[in-house]
Amino acid sequence: MNKKYKILIVEDQAITAMEIKHIVLGLGLDVVGIAKSNQEAVEKFEENLPDIVIMDINLEGDRDGISTVKDIYEISKTSVIYLTAFNDDKTIDRAIETYPLAYEIKPFNKASLQSTIKIVMTKLNKDITERPISNIDLGYGYSFNQDTKKLYFNSTFIKLGHQETELLSMLIKSKGQIVSYKQIENEIWEGNVISDSSIRTLIWRLRTKFEYKIIETVPYEGIKLVINTHK
């Protein structure tokens, strides 16, 4: 297991959180944060984009761990290990709906949690080996991750709106071919009739995220992606 996975621990009990951290560090992994509430968990996840989230279900605040996982999935899919005292059918059924890779019952022991984390890492290693290349090099230092739908300039994350992300994905899929204004209207607005200015505004917003001329307008037809091939 060559990759040093990043782990986010979400646990409202400080002593338990430190026990989990000690186990994770003992496996040579990187703990990128500890959160005890939904808000902290979502913020730390968006900031660090961890590979694995170890999630308690009973958290501070109104939203529990299962709801927090759903909020995290709105940012990016990730691997989840639930670590909780809840073992009732209703809670487990709710957790299953979020497709966790493991569900551990408290109180836990070191060997059991170590084994669970190792099994999850083995699955992730297998997925990485079998997964096609997800990072698309757009040139000029820009890249787009097709799995997480994230845009980067070198290693700096550039935040895109939902429609901007959809439009960039369309341009990448077209592989340099023209994407017509009608295609944009149909896919992003799902066929609803909108004004030309709405489409132009969306294109302008996406263009402002790039320092270089990566998106080219083809008069009366649409737009296309111009990828710089010079290294």
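The values are calculated or read from the model by the stated rules, or taken from the named source; none is laboratory data. Predicted model, so just to flag it, every value in this text is computed and none were measured. Positions of Cβ are generated from backbone atoms using ideal geometry, with glycine treated the same way; all protein chains shown enter the neighbour counts. Side chains are part of the model used for accessible areas, which takes the heavy atoms of the whole protein and leaves out ligands, DNA and RNA. Shrake-Rupley method; radii C 1.70, N 1.55, O 1.52, S 1.80 Å.
Of the listed values [x] 48; [y] 44; [z] 51, grab the one calculated as percent of Cα pairs over 25 Å apart from the structure here.
Given [x] 48; [y] 44; [z] 51, the calculated one carries the label [z].
With r as the distance between the Cβ atoms of residue 145 and residue 183 and R0 = 22 Å, compute the FRET efficiency 1/(1 + (r/R0)^6) and round to 0.05.
Working: r = 23 Å, r/R0 = 1.05.
Working from the Cβ atoms, E equals 0.45.
Largest first, what is the accessible-area ranking of 36, 173 with a 1.4 Å probe?
173, 36
Restricting attention to the alpha-carbon atoms of segment 184-231, what are Rg (one decimal) and Dmax (integer), both in Å?
When restricted to the Cα atoms of segment 184-231, Rg and Dmax are 12.5, 42 Å.
Of the residues 145, 192, 154, which exhibits the maximal mean-square fluctuation in a Gaussian network model of the chain defined by a 10 Å Cα contact cut-off?
Residue with maximal mean-square fluctuation among 145, 192, 154: 192.
Which whole-number value in Å³ per residue fits the convex hull of the alpha carbons of segment 18-59?
On the way: hull volume 2.8 nm³, N = 42.
For segment 18-59, the hull spanned by Cα atoms encloses 67 Å³ per residue.
In whole Hz, with x marking every Gly and Pro, tabulate ³J(HN,Hα) for segment 31-42 from phi via Karplus 6.51 cos²θ - 1.76 cosθ + 1.60, θ = phi - 60°.
Along segment 31-42, the couplings run 8, 8, x, 10, 10, 10, 9, 4, 4, 4, 4, 5 Hz.
Give me a comma-separated list of calculated 3J(HN,Hα) values for segment 71-76, in order, Karplus coefficients 6.51, -1.76, 1.60 applied at θ = phi - 60°, integers in Hz, x for any Gly or Pro.
My calculation for segment 71-76 gives 5, 5, 4, 5, 8, 6 Hz in order.
At 1.4 Å probe radius, can you tell me the per residue accessible area of segment 186-231 in Å²?
Values: 3280 Å² over 46 residues.
Per residue, segment 186-231 has 71 Å² of solvent-accessible surface.
With +1 on each Lys and Arg Cβ and -1 on each Asp and Glu Cβ, and nothing else charged, work out how big the dipole of the chain is about its Cα centre, in Debye to the nearest 20. Can you show the working numbers first?
Numbers: 30 positive and 33 negative charges, 200 e Å.
My answer is approximately 960 debye.
Show 18, 121 ordered by accessible area, largest first, where the area counts protein heavy atoms only and the probe is 1.4 Å.
On the way: 18 105, 121 10 Å².
Sorted by accessible area, descending: 18, 121.
For residue 83, enumerate residues with amide H under 5 Å from its amide H, sequence gap 5+ or separate chain, H modeled in the peptide plane.
Hits under the 5 Å cutoff: 55, 56, 57, 104.
Once you charge only the Cβ atoms, +1 for Lys and Arg and -1 for Asp and Glu, what is the size of the charge dipole of segment 87-159 about its Cα centre, to the nearest 20 debye?
Details: 11 positive and 9 negative charges, 48 e Å.
The dipole magnitude comes to about 220 debye.
Whose amide H sits under 5 Å from the amide H of residue 142, counting only residues 5 or more places off or on another chain, with H placed in the peptide plane?
It is 154, by chain and number.
How big is the accessible area of residue 193 in square angstrom, nearest 10, if you roll a 1.4 angstrom probe over the protein chains?
Residue 193 has an accessible surface of roughly 130 Å² with all protein chains in place.
Taking all protein chains in place and a 1.4 Å probe, what share, in percent, of the accessible surface of the chain do carbon and sulfur account for?
The computed percentage sits at 50.
Based only on the alpha carbon positions, what is the Kirkwood hydrodynamic radius of segment 135-231, in angstrom? Don't skip to the answer; put the middle values down first.
On the way: mean 1/r = 0.0731 Å⁻¹.
Evaluated over segment 135-231, this radius sits at 13.7 Å.
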